[in-house]
Structure formats: C-alpha cells, structure tokens
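All remarks here apply to the structure that follows.
What follows is calculated from the coordinates using simple rules that are stated; it is not laboratory data. Just so we're clear, the structure is a prediction, and the values are computed from it rather than from any experiment. Neighbour counts are summed over all protein chains in view; Cβ atoms, including those assigned to glycine, are modelled from backbone coordinates with ideal geometry.
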Amino acid sequence: MTAGTADGPRPWDTESVESDNDGRAYGRTAGTSDAALVQVAAGTPAGELLRRYWHPVARSSDATPTPCAVRLLGEDLVLYRDGSGVAGLLTPRCCHRGTTLYYGRVEDDGIRCPYHGWLFAADGQCLDQPCEPGRGRNKGSYRQPWYPVVEYHGLVFAYLGPAERQPVFPRYDIFEDLGDDEEIVVVDHFAFGGPSIAPCNWFQTHENAMDPYHVFILHNAISGHQFDPRLEIWPEIAWQRQPWGVTATQDRDLPDGTTLHRVTEVRFPTLRVIPTPTLTVLGKTNNLSWAQPIDDTHTRVYAMLRKRRDQPAQGLPLYDGDRSWFDLADEEHQRFPGDYETQVGQGAITLHTEEHLATSDRGVSLVRRQFREQVQVVATGGDPVGVSFDDADAMQTLIAGNYIDERRTDSASTSSHDVGVVKR
C-alpha cells in the first residue's frame, strides 16, 4: 500500500506505508508536494491553468486614487481608480526607468510615474511623457504591462492569462434580481473563521469543501457544537463529478420524518459553494466564495452573500459559548481548533507523499484528480472546463443548498456521476 492510495498510484509516491522499522520517525524519507496542484506562478503547469480564469484580486473599495499594492498568482501588481472612475491594474515597475508606480499620482485618465512623469492609462497605454519633445511624440509606442479587470458586486476580478484565450466573465444566478430590501455583501473571514489571509497554499483550503467528514469531528466533537444540531445526524454521503467541478450530497433523515438534502459544490478553478451550516437559509444557497491564490504559500478567501438589509451577514463560528476566533488566546486555539488551524497546520504547502488517503477522502481525491486532468488539458493546448467565450453562456446556475424533502431527483443529481456513496 502506498501513500495516497485512495487517489490511485502516483509517480511521486515513493515511500511505502510499510516500513522495515517499528514506525518511528527516524530515517524516514522527506515528503514532497504535488506541483500539479500547488504551484501558481506563471510558466508552471498549474499556474497556467489558473491563468485561464478570472480571479478576485481585491475589493472594489481598495481601488482608489491612492495606488494599492496587491498580489495575485505570485505577481505583484498596483491597483488604482482614476478620476473617471475606471479601475486599473498594472505591474508596478515602470517601463521607463523601473521605479515603482506604487508612489505614482493618479489623475483623471491614468496613473503618472513619480520619477519622470510618464502617464499610463488603465490599459497600459502611455498618454504623456512630459520630459520628451512634444511631451512624447512616440508615446504611443510605449505600454506599461497591465491586466484587464471586471468589477462585480464589490469585488475586482482580474484575468492574468493569454489575451487570445480570455473567457467571458461569469455571473451567478443567486445574485440576480435583487429586491429593494436585499443587498450583496463581501466578507473575507468567511472560510477560515479567522484572519483574512492564511499562510498556506490555496489548494489545501479549497479541497476542504469536499471533505464533509471533518464537520463531525472538527466542528462538533473537538471544538464543540458550532452549527445547527441537525448537522450532527450522520448522513448518507455521495460525491458527483460535474462538467464544471464536483458536488457532494448529504442526506439526513430528520426526527420529524423529513429529509435534509444538503449539496455543496466546487467549480473550476477556485470557487466553492457551501450553503450556510447554521441552516438559517433553506433552499438554494445565498452565498459562494473564491480562493485568491496570492502566491504558493498565502491564500485569501472572499465570500459573497445575498441577504436582507435588516439581517446580519453570516457570522463567525463561536467558541466556548460566545467568543469568536479573534477573542481566543493561543492555548484556547489549541482547545478549539477550526478550519484555520487545521488547514494552516498542514504546513505552508502540504506534503502529499506523506498522506494516507482513505475511504472518507473520496471527495478530496476526486477534486485533485479533476484538477490534474485540466492541468494536462491546458499543457497540451486545450481550453479547460468551466470557461466560455460566448456572452450568452456567462450566467452560471448554482445547485448548492439546504433542501428539505428533496433527494436524488432534484437538479443536484442531473448530469452528474456518483463516484462514491458512504452510509453509516
């Protein structure tokens, strides 16, 4: 039996579970990570896959007349909003003499370099060179490296991939047709219940969405009851491969004779849709979240949710009665670990060859397998799943939610393929 057997034999599986010694740590082979899952830099196979999609880079409120330093997929960038209201995202190193535009002056139609005053529009085009004859007779020949952005319900999204493969920006049905008494809010502590940035690789936070079993242990048995009591009932669990990602279904027979059918989903490349675990929202989910792979070892998760204006946003998990993550001392974090501690606790980048995946990890294995497949699709010149180049296909219909008395006949099972069912 080799490490990761629930996911099948892998080329990097070099250490056997069986050992010639009595299992002690001495002499063990150093573990390694699966580059096809964790790398985000340009030119790496996984980084090139990620660059075929739109990613959240910052809140819209971060785009102001004062340049803001942001980092996405290992690239340092400068975000600003010019006097006409247009957001721009440029590389910080000025194409003239190399100083940073972080100290630039934002004007009505662009950002001006503080060193020699070259002015750049949001699309990188040089508009003015005040120290050159005629204020730059050849200024049209110069362009600051830039990336396109789209603003969506309070978030700035960027596309960092090749221009000829730029997909349409996706929209989501749960955020359409807002009522006068509704609003959409963005939070960035939603996924971890802790700090906005986690010092670990994005993928080990992402695959957690397809690991329903950790809820019964981490969020119930270890840290105390945190969610709705109905989630303590052991469900029938299954995972389904979808054209755009993976879903997990959980079916619980409730004491009142009804069935709670809970659906979660992950969509390529970094989207995860987890309906509220407090069960305060029944029916289709009111929220989704994106991982922002800042670099190989830092991740932010932005959550977007629809709610009534007179209701609070989904709160943080509570510990020891009424205390949030931020209220706990170090020793108390050991007593009440949550998603932040367990995901960051895997290390800055988890060592996949040291894992021993089991039956309960089928969802995690499926997410990994599908991601590796799409890395190969892009590496061989293809377009990955979940992208479209037709504006008519921009709207995405989500299926995640908490449904009462709806089982496998609903939309969550349509066009899906069950890859594992676990009962207890």
message = Within a 10 angstrom radius of the beta carbon, how do Arg262, Arg306, Arg93, Arg24 rank from fewest other beta carbons to most?
response = Arg24, Arg93, Arg306, Arg262
Vicinal HN-Hα couplings computed from phi for the range 249-256 (Karplus, 6.51 cos²θ - 1.76 cosθ + 1.60; Hz; Gly/Pro x) = 10, 10, 10, 10, 7, 8, x, 7
key: Ranked list, fewest to most other Cβ atoms within 10 Å of each Cβ, for Asp34, Asp177   = Asp177, Asp34
message = Output wanted: per-residue J couplings in Hz (rounded whole) for the range 175-180, from phi through Karplus 6.51 cos²θ - 1.76 cosθ + 1.60, θ = phi - 60°, x for Gly and Pro.
response = 10, 8, 6, 5, x, 5
inquiry  = Please list, ordered by chain and number, the residues whose modelled amide H lies under 5 Å from the amide H of Glu182; skip anything fewer than 5 residues away on the same chain.
reply    = Arg309
task = Return the FRET efficiency for the residue pair Thr259, Glu132: r is the Cβ-Cβ distance, R0 is 60 Å, and the value is rounded to the nearest 0.05.
result = 0.25
ask   = Where does the charge balance sit around Glu182 when Lys and Arg score +1, Asp and Glu -1, over other residues with C-beta under 13 Å from its C-beta?
value = -2
key: Theoretical gain in end-to-end length, Thr278 to Ser360 [0.36 nm per residue, Cα-Cα removed]   = 27.2 nm
ask   = Under 5 Å between amide H atoms, partner at least 5 residues away or on a different chain: which partners does Ser388 have, H built in plane at 1.01 Å?
value = Val168
ask   = Assigning unit charges at the beta carbon (Lys, Arg +1; Asp, Glu -1) and nothing else, what dipole magnitude in debye, to the nearest 20, does the range 60-151 show about its Cα centre?
value = 380
Fewest-first ranking of Leu50, Leu155, using other Cβ atoms within 10 Å as the exposure measure = Leu155, Leu50
request  = Mind listing the long-range amide H neighbours of Tyr319? Cut-off is under 5 Å, sequence gap 5 or more, other chains count too, H placed in the peptide plane at 1.01 Å from N.
outcome  = Ser324
query = Applying the Karplus parametrisation 6.51 cos²θ - 1.76 cosθ + 1.60 with θ = phi - 60° to the phi angles of the range 261-273, what ³J(HN,Hα) value in whole Hz is obtained for each residue in order, glycine and proline being reported as x?
reply = 10, 10, 10, 10, 8, 10, 10, 5, x, 10, 8, 9, 10
note = Between Glu332 and Arg105, Cβ-based FRET efficiency (R0 41 Å, step 0.05) works out to 0.30
